[in-house]
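S.K.: Would you mind keeping the following structure in view while I ask a few things?
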Amino acid sequence: LPRLVREFVAQNNTSQIKHVIQILSQEFALSQHPHSRKGGLIGLAACSIALGKDSGLYLKELIEPVLTCFNDADSRLRYYACEALYNIVKVARGSVLPHFNVLFDGLSKLAADPDPNVKSGSELLDRLLKDIVTESNQFDLVSFIPLLRERIYSNNQYARQFIISWILVLESVPDINLLDYLPEILDGLFQILGDNSKEIRKMCEVALGEFLKEIKKNPPSVKFAEMANILVIHCQASDDLIQLTAMCWMREFIQLAGRVMLPYSSGILTAVLPCLSYDDRKKNIKEVANVCNQSLMKLVIPEDDDVDEAKQLVPVPAEAASDETLSKAEAVSSGEHLLKTSGCCRSLFLALLSFLCSSERIPVTLNLDGIVQVLDCHLHDTSIGMMTRIAVLKWLYHLYIKTPRKMFRHTDSLFPILLRTLSDESDEVILKDLEVLAEIASSPAGQTEGQGPSEGPEARSSHVELHVPGRGSPLSSSGTKGMECSPSTPTMNSYFYKFMINLLKRFSSERKLLETRGAFIIRQLCLLLNAENIFHSMADILLREEDLKFASTMVHTLNTILLTSSELFQLRNQLKDLKTQESRNLFCCLYRSWCHNPVTTVSLCFLTQNYKHAYDLIQKFGDLEVTVDFLTEVDKLVQLIECPIFTYLRLQLLDVKNNPYLIKALYGLLMLLPQSSAFQLLSHRLQCVPNPELMQTAEGPKPSAGSRRPAAASIDYAELLQHFEKVQSKHLEARHQRAGRGEQLERRAVL
């Protein structure tokens with residue numbers, strides 16, 4: 001046969017050569033008889049050797065019947081086919097490259113062959129083909145990629161090993177730029193990374209590592225945008241190695257691509273945020289996720305808050321762009337389950353994803369709506385860890401700092417969950433939450449009513465809610481003065497008063513929150529915002545509170561904070577002197593609400609050095625219902641008088657002549673107390689007052705607070721005292737009603 005073929009070659013008789021090959025193929029290699037098939041394979045190999053360099057002209061006719069025998073049921077036949085193809089390829093060398101895809105397809109099947117001899121033969125052929133590809137510069141990578149993308153989703157270990165080995169070879173060839181086609185195969189590589197075989201996982205790690213090195217060397221040529229969502233999906237993998245590797249890639253992508261990654265921020269945050277709460281068992285993933293989170297946050301700049309005037313003037317394209325963005329986000333989320341299906345579905349989905357997410361099609365803009373939606377979902381999820389919640393709140397704070405105008409479009413939807421987060425178990429979470437709420441309440445971007453898309457009837461109605469409507473009662477009318485003095489400094493906006501209203505509502509509905517965290521929350525707010533505005537607004541709101549018991553409790557809490565917190569040192573000094581009209585307005589506003597609690601009203605008068613009025617109030621205590629709670633509060637007031645806050649008050653006891661009402665007020669408290677430790681404490685203090693006989697004020701002119709401090713002369717103390725009596729009568733009536741309801745319940749229980 002070889003001699004015959006050589007004669008035909010010498011005669012340049014191509015028709016006879018084709019006739020010989022056809023007979024070997026049809027009558028032998030494709031015969032029904034196995035021995036004939038073996039003979040045909042040997043004959044085709046011999047024919048190829050005889051053709052020599054001219055075998056390239058007949059490769060299609062030589063290769064096709066051999067590849068058909070790759071599927072033969074007889075393992076010996078498959079081995080002969082492998083041997084025959086080896087000889088054909090060895091002779092043809094570079095001429096086989098146009099037929100590389102069919103050769104690769106056949107080899108990928110033999111790589112998973114159960115027969116060890118066939119597998120061994122296929123490995124020899126595989127090495128030969130790799131040598132040919134490596135030394136050639138005519139390899140058609142474009143036509144090969146679709147086949148590689150299809151085969152890479154094989155679940156067979158040997159087939160996977162075969163695929164990875166070829167990727168490593170192609171990556172090592174200088175003339176072959178596989179990086180351009182990395183988006184096509186990256187998902188499949190991450191799938192292989194989860195293989196059960198340690199050897200295959202290691203090979204895949206090496207391949208991914210080589211690609212990452214290449215990416216770092218030449219970032220401008222990398223298609224970051226087309227691979228971003230693939231990484232997002234694998235950053236959420238259950239396999240630790242896949243997740244860590246994908247997260248490391250994500251870190252490099254964010255640092256190398258920069259703002260190109262901004263359109264995918266919502267997906268990245270979806271993957272990264274849960275990792276921040278991992279324990280030490282996944283410490284590496286947690287650390288890389290933290291770097292990703294910080295790097296992504298730095299990409300958001302104030303320029304992202306610039307409003308596109310063209311989009312405002314033409315709302316239709318803006319809505320279309322929004323719909324397109326949402327459709328892309330939906331494609332990514334819905335694609336997560338597609339990526340778990342067959343390779344065909346995966347490749348189709350990734351092709352669609354690549355089209356949607358091409359960097360030429362998506363402008364580098366911040367998808368704020370998507371980010372806020374992700375952050376909002378994480379805040380609503382009660383199962384997430386503390387560090388994730390803190391990270392979410394840091395993101396919200398950062399966005400309100402960098403993009404306040406756009407963020408205020410989402411404030412109405414975020415506000416309820418931010419308020420609920422105040423009930424979190426972690427102090428750190430509450431601190432971050434308060435920072436966000438304080439920024440919302442003080443940002444100049446919230447000064448105006450309308451905020452872009454939020455403008456309209458709904459936005460205006462929500463703004464109206466910031467003002468508590470009056471009820472036409474004497475308390476409301478008197479409180480209107482306070483409303484006129486409501487916070488209106490440049491550092492506060494319309495959301496400030498809304499925040500105060502809702503915070504008090506939350507305290508009212510969650511009394512445990514008020515008891516355990518109320519003081520902590522208010523003190524932190526006083527650091528973050530203007531303390532005077534906070535107390536002014538809360539007093540204003542409490543003046544209209546229908547739940548009188550809550551109003552009394554809240555006033556007591558605010559008073560304790562006012563008298564004991566270091567954060568309120570300046571506010572106490574402002575109230576102590578009442579030198580300015582603003583301080584006097586604040587005193588009057590606080591006083592009207594403080595009237596919900598008689599003892600706190602007296603302590604406010606002590607703080608502001610209104611001793612005569614304090615004495616007048618204590619005189620009214622005889623008309624009140626003295627309860628155990630009332631006496632307990634008097635006891636606490638006596639303890640407070642002995643604290644450093646009231647040092648000035650104790651020193652004023654030395655000046656009996658000018659402070660007779662202070663001494664009378666203290667004696668009034670002493671007369672209210674039963675024989676207790678507080679009674680003994682105050683009694684001993686009063687015993688230290690020098691020259692008690694000078695306490696008599698009947699003889700000679702009475703010194704008054706007004707003569708000592710003319711600045712406070714504008715305060716109508718008679719009207720304040722009348723207001724106190726009205727409030728206390730309401731409290732007495734409410735107590736009687738509660739007691740009556742309690743008696744009815746007892747009678748029903750007895751019956």
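S.K.: If I model a spin label at C688 and L168 as a point 7 Å from the Cα along the Cα→Cβ vector, what separation in nanometres do I get?
M.R.: 8.6 nm
S.K.: On the protein heavy atoms, probe 1.4 angstrom, tell me the percent of accessible surface of the stretch 111-219 carried by carbon and sulfur.
M.R.: Roughly 44 percent, rounded to a whole number.
S.K.: How much accessible area per residue does the stretch 368-442 have, counting only protein heavy atoms and a probe of 1.4 Å, in square angstrom?
M.R.: Per-residue value: 36 Å².
S.K.: Please work out the FRET efficiency for the pair S676 and D623, using the Cβ-Cβ distance as r and a Förster radius of 30 Å; give the result to the nearest 0.05.
M.R.: Once the sixth-power term is evaluated, E becomes 0.85.
S.K.: Also: In Å, what Rg and Dmax follow from the Cα atoms of the stretch 125-193?
M.R.: Spelled out, the Cα radius of gyration and Dmax of the stretch 125-193 are 11.7, 32 Å.
S.K.: Could you go through the stretch 245-262 in sequence order and give the Karplus-derived ³J(HN,Hα) for each residue, using 6.51 cos²θ - 1.76 cosθ + 1.60 with θ = phi - 60°, rounded to whole Hz, and x for Gly and Pro?
M.R.: With the stated coefficients, the stretch 245-262 comes to 5, 5, 5, 5, 4, 4, 4, 5, 4, 5, 6, 8, 7, x, 5, 4, 7, 4 Hz.
S.K.: Assuming 0.36 nm per residue, please report the length gained on full extension of the stretch E425 to R738 beyond their Cα-Cα distance.
M.R.: Answer, rounded to one decimal: 109.4 nm.
S.K.: Right, another one. Carbon and sulfur together cover what percent of the accessible area of the stretch 545-591 at a 1.4 Å probe radius?
M.R.: After summing per-atom areas, the C and S share lands at 47 percent.
S.K.: Please give every one of the lysines within straight-line cross-link reach of K18, meaning a C-alpha to C-alpha distance under 21 Å, and leave out same-chain neighbours fewer than 8 residues apart.
M.R.: K38, K53, K60, K90
S.K.: Could you pull out every one of the lysines with an alpha carbon less than 30 Å from that of K726, ignoring same-chain neighbours closer than 8 positions?
M.R.: K726 reaches K481, K498, K505, K512, K549, K576, K579, K612, K620, K636, K664, K702.
S.K.: Would the stretch 368-442 count as rounded, prolate or oblate if I go by the C-alpha gyration tensor, calling it rounded below 1.5 in a/c and otherwise prolate when a/b exceeds b/c, oblate otherwise?
M.R.: prolate
S.K.: Moving on. Just the Cα atoms of the stretch 1-139, one point each, no solvent: what log10 I(q)/I(0) does Debye give at q = 0.15 Å⁻¹?
M.R.: Here the Debye-derived log intensity ratios amount to -0.68.
S.K.: Also: Quote to one decimal, in nm, the extra length available between D547 and K512 on full extension: 0.36 nm per residue of separation minus the C-alpha distance between them.
M.R.: Once the chain is fully extended between D547 and K512, it gains 11.0 nm.
S.K.: Residue by residue through the stretch 372-386, which ³J(HN,Hα) values in whole Hz follow from phi under the Karplus form 6.51 cos²θ - 1.76 cosθ + 1.60 (θ = phi - 60°), with glycine and proline marked x?
M.R.: Karplus values, whole Hz, x for Gly and Pro: 4, 4, 5, 4, 5, 4, 5, 5, 6, 7, 6, 8, 6, x, 4.
S.K.: Right, next: Take the Cβ-Cβ distance between D239 and R405 as r, set R0 to 35 Å, and report the resulting FRET efficiency rounded to the nearest 0.05.
M.R.: Efficiency, from the Cβ-Cβ distance: 0.25.
S.K.: May I pose another question? Ranking request for peptides 16-25, 597-606, 561-570, 436-445: highest mean number of other beta-carbon atoms within 10 Å first, then the rest in descending order.
M.R.: Descending packing order for the listed peptides: 597-606, 436-445, 16-25, 561-570.
S.K.: Tell me, what is the per residue accessible area of the stretch 143-246 in Å², probe radius 1.4 Å?
M.R.: 39 Å²
S.K.: For the residue pair N101 and E27, what label-to-label distance in nm results when each label sits 7 Å from Cα along the Cα-to-beta-carbon direction?
M.R.: Those two pseudo-labels are separated by 3.4 nm.
S.K.: Now, a different point. Taking only protein heavy atoms into account and a 1.4 Å probe, give the accessible area per residue of the stretch 1-139 in Å².
M.R.: 49 Å²
S.K.: Hey, another quick one. Give me the three principal axis extents of the stretch 169-229 from the C-alpha atoms, as integers in angstrom, largest value leading.
M.R.: 35, 28, 17
S.K.: So for the stretch 222-311, what are the equivalent ellipsoid semi-axes in whole Å, largest first, each being the square root of 5 times an eigenvalue of the Cα gyration tensor?
M.R.: 26, 14, 11
S.K.: So, with a 1.4 angstrom probe, what is the percent of accessible area on the stretch 1-73 that is carbon and sulfur?
M.R.: 51 percent
The values are calculated or read from the model by the stated rules, or taken from the named source; none is laboratory data. Owing to the predicted nature of the structure, the values given are computational and were not obtained by experimental measurement. Using ideal geometry, Cβ is built from the backbone for each residue, glycine included, and neighbour counts are taken over all protein chains shown. Quick note on the areas: whole protein, heavy atoms, side chains included, nothing else; ligands and nucleic acids left out. Shrake-Rupley method; radii C 1.70, N 1.55, O 1.52, S 1.80 Å.
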